[in-house]
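Novice: One structure is given below, represented as structure tokens, and several questions about it will come after.
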């Protein structure tokens, strides 16, 4: 493949990942084009890019999922490549194909690789054919209760019902006994249809205390394929990753090599180029089974960047432009420990309901070993249209203990008001003795977390909070009823009007 | 002097703001020299100790960060409380048995029907927002008196979905 200069990249995404890509482009001297929906008119990714083009209404399917409008924006701006980020159209083979057909570079794998890994049952069959261990499961999508019951009778409960077109935990159900099977198949199919427009589901054997460990790979067009080690993403809530780290406490050098070689084998089997991630389920005996391959940049890629010192977005652009990988497997060096928390607009105290509203106050952490990849700013409106993730906070330390201490410190510095956040959940996990001991599984949060276990506040801090709130309430009451005399100089300060100023 | 009942971290405090940024809590002069640093940021003295407080007013109370305290603080004036008690004793609205939409969302499905007995924590209705399905749980035991939500329909934030009794 010829080396092809990329001078201007359109980012077909929003939020933190759009900003992440813009940053690397700036370093490489590449011009950036953002696209945005009506709801994102003044979002940070719009304000940060060299150019920003409106592509439609707020619902994703009229903007960030609308391939035609994105290609139109690419043509209008004269971009020569499209970076899809993650989510939205990033794993849509038709989109990748139409980008290529428009004479543009798609910064990701070929449409054929995306398609072969996009159908999860086909992907498993491909991996199995390449000699990669897979979780026992139905060979293809199950058509009805009888076929499903047959599989369960052979392998025993519990089983997991999953969407064939799936990802991100949508259309997924655990079934513990036969009576739950048919209702779960129906519920999973309905969720899969609304999330992916495809109601096919399949069944897998379910492991009780599994770990989720994935391998980052990179492949160039000449067939050089390397792995960048593992990320353990076992800390999940409702199948959504919350905390990710590298290295995993249970992966030693030998296991890392075995998993890495297996991931490279999967990538080669589908003719993969660019950055990708091979996900494995690991059982309590440290056996690993192929789950799926994500044919895009992952949310948690900074964990690998901090541990290897590499810029994965820069490497993606380099590979997409036709250049070779600048290193071999032996040239990759790992250092220290990295942990990431996903900071989401969710109400930790109220069953993690998504929280919407305007961010009235935001103060981000800084200091040694801290990286804050954030897509929102103070004053931004968090709406219902998109994913609730606002930021990723990543800490690097020489040891796991140092990385945990830095991340806890930075989470305590992180202040977001106006929407509720899952920061209390992140702190709960990182400060938990079982997490410190590395005793984790994908059930960690459901096993240990309850909202009652949250606060470390001192009585003094509670009193100060109560005092300020009462003063503000009185100011509001006085402002609302002109009959009451203004209290005599009850505040001191530089700005007095909490309510008038809003 | 106005008296407030302030709930913070599950504790209820009786709070009376006085003059010159001083505040009494549960009958004792506790906070003084409250200074406003910015629109949302305050500095409070409790004895000789300084505490930084960040506050944002929301629909369900205040969102507060004060040292290691992060959470919601609700404030009710003495007068407001009396009015609410009166309304409840005369059968007025505002009871906890109404289930409202916590955010704009799509109704995915109803888990209960009119006449069903429900226990605390039981799922009542499933809403979809931000690409995720979310269950609304019963806050206490009761019987479903009326259902206003329809599966497949969009609801606004605060819209009444169900009534329990």
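Every number here is computed from the coordinates shown, using simple stated rules; none is lab data. Quantities reported herein were computed from a predicted structural model and do not represent experimental measurements. Backbone-built Cβ (ideal geometry, glycine too); neighbour counts: all protein chains shown.
Novice: Within the P(r) computed for the range A:261-322, what percentage of the Cα pairs occupies the region above 16 Å?
Specialist: 55
Novice: Can you compute the modelled spin-label distance between residue B:20 and residue A:102, with each label point 7 Å from Cα toward Cβ, in nm?
Specialist: About 6.8 nm separates the two model spin labels.
Novice: Normalised by the empirical 2.2 N^0.38 Å for globular proteins, what value does the Cα Rg of the range A:211-453 take?
Specialist: Computed over Cα atoms of the range A:211-453, the ratio equals 1.02.
Novice: How big, on average over all directions, is the shadow cast by the Cα convex hull of the range B:4-80, in nm²?
Specialist: For the range B:4-80, the mean projected area of the Cα convex hull comes to 5.4 nm².
Novice: Still on this structure, I have one more. Neighbouring Cβ atoms within 10 Å as the yardstick, rank A:249, B:55, A:201 fewest first.
Specialist: A:249, B:55, A:201
Novice: With r defined as the distance between the Cβ atoms of residue A:450 and residue A:4 and R0 fixed at 45 Å, what FRET efficiency is calculated, to the nearest 0.05?
Specialist: That gives a FRET efficiency of 0.25.
Novice: Of all the Cα-Cα pairs you can form in the range A:9-64, what percent are over 15 Å apart?
Specialist: Beyond 15 Å sits 38 percent of the P(r) for the range A:9-64.
Novice: Dividing the alpha-carbon Rg of the protein assembly as shown by 2.2 N^0.38 Å yields what?
Specialist: The reported ratio for this selection is 1.02.
Novice: Out of all DSSP beta bridges with both ends in the protein assembly as shown, state the antiparallel percent to the nearest 5.
Specialist: For the protein assembly as shown, the DSSP antiparallel bridge percentage is about 85.
Novice: Along its three principal axes, how long is the range A:136-205 when you only count alpha carbons? Whole Å, largest extent first please.
Specialist: 30, 22, 20
Novice: For residue A:112 and residue B:59, FRET efficiency with R0 = 45 Å and r from the beta-carbon atoms, rounded to 0.05?
Specialist: Taking R0 as 45 Å, the efficiency between residue B:59 and residue A:112 is 0.35.
Novice: Once fully extended, how much extra length lies between residue B:82 and residue B:52, figured as 0.36 nm per residue of separation less the alpha-carbon to alpha-carbon distance?
Specialist: 7.6 nm
Novice: Oh, and also: Can you tell me the mean projection area, over all orientations, of the convex hull of the range A:67-133's alpha carbons? Units nm², please.
Specialist: Answer in nm², one decimal: 4.9.
Novice: Mind jotting down the distance between the C-alpha centroids of the range B:1-67 and the range A:423-478, whole Å?
Specialist: Their Cα centres are 18 Å away from one another.
Novice: Based on the Kirkwood radius over alpha-carbon pairs, what is the Stokes-Einstein translational diffusion coefficient of chain B at 20 °C with 1.002 mPa s viscosity, in µm²/s?
Specialist: Diffusion coefficient, whole number: 114 µm²/s.
Novice: Modelled label-to-label distance, residue B:143 and residue A:186, 7 Å Cα→beta-carbon offset: nm?
Specialist: 2.7
Novice: Then there's this: Quick one: A:174, A:440, fewest Cβ neighbours within 10 Å first, how do they rank?
Specialist: Going from sparsest to densest Cβ surroundings: A:174, A:440.
Novice: How far, in nm, would the chain grow between residue A:378 and residue A:364 when pulled straight, counting 0.36 nm per residue and subtracting the alpha carbon separation?
Specialist: Difference between extended and current length: 4.0 nm.
Novice: Same structure again: Using Cβ contacts closer than 10 Å as the measure, can you line up A:293, A:172 from fewest to most?
Specialist: Exposure proxy ranking, most exposed first: A:172, A:293.
Novice: Dividing the alpha-carbon radius of gyration of the range B:98-164 by 2.2 N^0.38 Å (N being the number of residues), what value is obtained?
Specialist: 1.00
Novice: So if we plug the beta-carbon distance of residue A:125 and residue A:149 into 1/(1 + (r/R0)^6) with R0 = 25 Å, what FRET efficiency do we get, rounded to 0.05?
Specialist: So the FRET efficiency works out to roughly 0.70.
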